[in-house]
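S.K.: Have a look at the structure that comes next, please.
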Amino acid sequence: MEKVSILIMFMMVGMLYIDTIEGARKNPKVRIHTLFSVECQNYFDWQTVGLMNSYRKAKQPGPITRLLSCTDEEKKSYRGMHLAPTFEVPSMSRHPRTGDWYPAINKPAGVVHWLKHSKDAKNVDWVVILDADMVIRGPIIPWELGAEKGRPVAAYYGYLRGCDNILAQLHTKHPELCDKVGGLLVYHIDDLRAFAPLWLSKTEEVREDRAHWATNITGDIYGKGWISEMYGYSFGAAEIGLRHKINDNLMIYPGYVPREGIEPILLHYGLPFSVGNWSFNKLAHHDDGVVYECGRLFPEPPYPREVRQLELDPNRRRGLFISIECINTINEGLLLQHAANGCPKPAWSKYLSFLKSNAFAELTQPKYVTTATLQMMEDTKEEHVDDDAGKPHPKIHTVFSTECTKYFDWQTVGLMHSFRLSGQPGNITRLLSCSDEDLKQYKGHDLAPTHYVPSMSRHPLTGDWYPAINKPAAVLHWLNHANIDAEFIVILDADMILRGPITPWEFKAARGHPVSTPYDYLIGCDNELAKLHTSHPEACDKVGGVIIMHIDDLRKFALLWLHKTEEVRADRAHYARNITGDIYESGWISEMYGYSFGAAELKLKHKVNTEILIYPGYVPVPGVKYRVFHYGLQFSVGNWSFDKADWREVDMVNRCWAKFPDPPDPSTLDHADEDELRRNLLSIECGKTLNDALNLHHERKCVNANSFSTSEGDERTDVSRISSTTGNLEESIDSISNNMSTNHSEKSESFQKADEVPSSFRFWVILLWAFSGVGFLVVIFVVYSGHKRRGTRSKHHRSRRRSSHAGYMEMNGRDRHIRGLDVPL
């Protein structure tokens, strides 16, 4: 009996302890208030739904308020007043004094207005300030995070380099106190009251300082003053001597890999992220009314079971789980909001069943901070030594070279699909090298943003047939004819699949030091070939495939790349395998040597990285996240194999639903040999990505059976295709007009006009004539059959003839309209 009493006593003490902890989180006397700022737009409405759902799931203590900045005109048509507890604030998107359009200023302006006019602001001790594009994973308790009066807690924004230079010296009396922080802000109310007006005024001050918007001063990659609000925050805090406790563990961007042992409690989906072939980019949903469209959610991500198969490394796998948790939480919020909106119950689906399952509820239970998560940056001095985090992210432009062939078209479809999923920053341009004759027959203008280049496959001076020379020739033409505002250029081959972003800041590219991948078979760098073709053979690097180069270096280098390619190609005396490493001894890799010798001539020293590119079929190094598949060689898994050369003449793009043989299911693989398993998984991923790309292409294009040819050599088309293609091409040309040469435009337009009358139209004209003839015979028969009321019949006869001619003229007018279509290329 005594033992039972002791046991009951321990249980009561344990329950009391738990109640004490929960009481600290739920006690109304513990006054925490969460704020986030939005505007009257669909874009912010779906973000609000996601944040509000995560707020409830995470059991964040205290109330939450949406600071809604809207103009009177916007309020008249706004549908989302019911989405969250809301405090309306006047919009400052258009500055009332300067007229400057800068919506980001609404964040400090909204906080100032709330502090002055909200009753809630008078009944609070701690304020947590978030952005709308966030998902809360666990309760944000100020004292648990280490926040104190006079010492707010914030997340790290390392790119705010203006804290270290003239910008801080101009805009605060205490530049030494400028902290590079943002995102998550946890404040004592007294500090916030003292600070908020300065946050607003410093934002206005930095925004008006256009002389110091440059990227090298602010770190703003656009150089447009867009991050003035962030500097307004840091400079305002420095002005009143607020020093932050900076934590780089509490918040993570989906797509990033969390540090080992760290449990982030906040997701900030401000950047694109992907899981396998699925991806999400908030900017793609800028005007998306998904909140108000019953039954519609964002595209479903892979299921947890599929994620486990995608990644073997446990920490990277945890990063993928965080990514799917983010979008699933938003979709769950949309599902609940649709029900609150009065939408009918959606039809059953596997995905909806998953979102309502206990398994999903368990996966998204509140996460609580760990000791490792709470470690502040000031406690980890070595993190401050890394200057890379503070460097600006320069603009990037990706290019790849192709020709007007079926072979390059399906490669283009695959690369473009992977580019969209990879999260690669910046724009991409296809450098399309075609002869005038090829261009007249070419159908793939809309496959990618395109810069048209005269073909050098047949050399204009020597007559040598060498299509590989189009790569340096196209890059040179693009540099000379396009408006390029990027600082770094990423050059790829068409037979590549992107698996993740390739950025100069991650791989340490710099002016004078491009980054590339190893091509060890270029033995000519070590022998007489280099001595013959460059003044600096010692500077010859065996590289190729993926190139990250500063635009200034590329402008100096591109012409040399072309000239050295011509030079090596003409040196037939040194085509031998023991000199070049070319197994065919045909000079086919002259362009690769042209690249290495041209770079050596300028003494460009490459940073050679072995972790960017892998050939499918090669055994990957454990733990390496390769960014590019280069499927230039045959690869296989069991009895399945793929060789790009087998598909050189097959039209995979213009034949509806054409695809490559499906690779094996990953679940069928033998797990006995880990090296073989990793190799096979990558090979399957490459093959599957190509087929997924083709499938999506066909879904967009194969609207009806006549849109594309359904068998080899069949080139049927119809009126609907002509009109839809016209729209697509006009949009495409608007986006790439700076890249097109005038002569190609005019020639392409002329051949398109000549080919615009579809065969289906001619068929209807013939049918109309036949029908008119039959009608005429019927009328003659009636006239001579002795039917009564001949006068009436005669009038009817004339009426019918007029009607027939009117129909013909209407169709003929349509004929003239179609013939007159102006389809620019």
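S.K.: Rounded to a whole number, what is D in µm²/s for the stretch 546-595 from Stokes-Einstein with the Kirkwood radius over alpha-carbon pairs (10 °C, 1.306 mPa s)?
M.R.: Working: Rh = 11.6 Å.
In µm²/s, the coefficient is 137.
S.K.: Run the numbers for Leu336 and Ala576: contour at 0.36 nm per residue of separation, minus the present Cα-Cα distance, in nm.
M.R.: The span from Leu336 to Ala576 would gain 79.5 nm if fully extended.
S.K.: Roughly to the nearest percent, how much of the accessible area of the stretch 35-168 is carbon and sulfur, given a 1.4 Å probe?
M.R.: On the way: 2490 of 4960 Å².
Roughly 50 percent of what the probe reaches on the stretch 35-168 is carbon or sulfur.
S.K.: What length, rounded to one decimal in nm, is gained on full extension from Asn483 through to Tyr303, with 0.36 nm per residue of separation minus their alpha-carbon distance? Spell out each step's value before the answer.
M.R.: Numbers: separation 180, 0.36 × 180 = 64.80 nm, distance 4.27 nm.
Gain on stretching Asn483 to Tyr303: 60.5 nm.
S.K.: A further question on this structure: Suppose R0 equals 25 Å. What FRET efficiency, 1/(1 + (r/R0)^6) with r the Cβ-Cβ distance, do Ala372 and Leu312 give to the nearest 0.05?
M.R.: Numbers: r = 23 Å, r/R0 = 0.93.
The formula returns an efficiency of 0.60 here.
S.K.: If you don't mind, there's one more thing I want to ask. Nearest 0.05, what FRET efficiency do Lys607 and Lys59 give at R0 = 41 Å with Cβ-Cβ as r? Mind showing how you got there, number by number?
M.R.: Working: r = 47 Å, r/R0 = 1.16.
Given R0 = 41 Å and the Cβ-Cβ separation, E is 0.30.
S.K.: Now a separate question. Mean 1/r over all different Cα pairs, inverted: what Kirkwood radius does the stretch 127-213 give, in Å? Mind dumping the intermediate values first?
M.R.: Numbers: mean 1/r = 0.0689 Å⁻¹.
With all distinct Cα pairs of the stretch 127-213 included, I get 14.5 Å.
S.K.: While we're on this one: Please give me the summed charge of the neighbours of Cys178: other residues whose Cβ is under 13 Å from its Cβ, Lys and Arg +1, Asp and Glu -1.
M.R.: Details: positive: Arg161, Lys173, Lys180, Lys202, Arg243; negative: Asp164, Glu176, Asp179, Glu239.
Once all neighbours under 13 Å are counted, the net charge is +1.
S.K.: Further question: Applying the Karplus parametrisation 6.51 cos²θ - 1.76 cosθ + 1.60 with θ = phi - 60° to the phi angles of the stretch 104-113, what ³J(HN,Hα) value in whole Hz is obtained for each residue in order, glycine and proline being reported as x?
M.R.: Result, rounded to whole Hz: 4, 5, 4, 5, x, 5, x, 5, 4, 5.
S.K.: Then there is this: Rank Tyr159, Ser91, Ile141 by how far each Cα sits towards the positive end of the charge dipole of the stretch 87-189 (+1 on Lys, Arg Cβ; -1 on Asp, Glu Cβ) and give me just the farthest.
M.R.: Farthest along the dipole direction, towards plus: Ser91.
S.K.: What is the sum of charges around Ala474, taking Lys and Arg as +1, Asp and Glu as -1, for the other residues whose C-beta is under 14 Å from the C-beta of Ala474?
M.R.: Details: positive: Arg430, Lys471; negative: Glu403, Asp493, Glu591.
That sum, taken over residues with Cβ under 14 Å, equals -1.
S.K.: Report, in cubic angstrom per residue, the convex hull volume of the C-alpha atoms of the stretch 71-215. Intermediate results must be reported in sequence, preceding the final value.
M.R.: Working: hull volume 22.3 nm³, N = 145.
Hull volume normalised by residue count: 154 Å³.
S.K.: Taking H placed 1.01 Å from N in the peptide plane, check which residues at least 5 places from Leu185 or on another chain put their amide H under 5 Å from its amide H.
M.R.: Answer set, sorted by chain and number: Ile129.
S.K.: Taking R0 as 41 Å, what FRET efficiency do you get between Arg678 and Ala361 from their Cβ-Cβ distance, rounded to the nearest 0.05? Numbers along the way, then the final one.
M.R.: Numbers: r = 33 Å, r/R0 = 0.81.
Calculated value: 0.80.
S.K.: When only DSSP loop residues count, what chymotrypsin sites (Phe, Trp or Tyr not before Pro) in the stretch 330-364 have their Cβ near at most 16 other Cβ atoms within 10 Å?
M.R.: Numbers: sites: Trp348, Tyr351, Phe354, Phe360; in loops: Trp348.
Here the sparse-neighbourhood loop sites are Trp348.
S.K.: Any idea what the alpha-carbon Rg over 2.2 N^0.38 Å comes to for the stretch 190-240? Mind showing how you got there, number by number?
M.R.: Numbers: Rg = 11.3 Å, N = 51, 2.2 N^0.38 = 9.8 Å.
Against the compact-globule rule of thumb, the ratio is 1.16.
S.K.: Shape of the stretch 222-338 from its Cα gyration tensor (a ≥ b ≥ c, root eigenvalues): rounded if a/c is under 1.5, otherwise prolate when a/b > b/c, or oblate? Walk me through the numbers on the way to the answer.
M.R.: Working: a/c = 2.28, a/b = 1.36, b/c = 1.68.
Oblate shape, in that a/c is at least 1.5 and b/c is the bigger or equal ratio.
S.K.: Ok, one more. With a probe of 1.4 Å, find how much accessible area the stretch 107-151 has per residue, and write the answer as a whole number in Å². Mind showing how you got there, number by number?
M.R.: Values: 1570 Å² over 45 residues.
Per residue, the stretch 107-151 has 35 Å² of solvent-accessible surface.
S.K.: At 0.36 nm per residue, minus the direct Cα-Cα distance, what do Glu585 and His82 gain on full extension? Give it in nm, one decimal, please.
M.R.: Details: separation 503, 0.36 × 503 = 181.08 nm, distance 7.23 nm.
The Glu585-His82 span can extend by a further 173.8 nm.
S.K.: Something else now. Could you report the stretch 576-615's accessible area per residue, 1.4 Å probe, as an integer in Å²?
M.R.: Working: 1810 Å² over 40 residues.
Roughly 45 Å² per residue, with all protein chains present.
S.K.: Separate question: Roughly what would the spin-label model give for Arg511 and His536, points 7 Å off Cα along C-beta, in nm?
M.R.: For the pair Arg511/His536, the computed spacing is 1.6 nm.
The values are calculated or read from the model by the stated rules, or taken from the named source; none is laboratory data. Since we're looking at a predicted model, the values are computed, not measured. All Cβ positions, even for glycine, are placed from backbone atoms using ideal geometry, and neighbour counts span all protein chains on display. These accessible areas exclude ligands, DNA and RNA; they are computed on the full protein's heavy atoms, side chains included. Shrake-Rupley method; radii C 1.70, N 1.55, O 1.52, S 1.80 Å.
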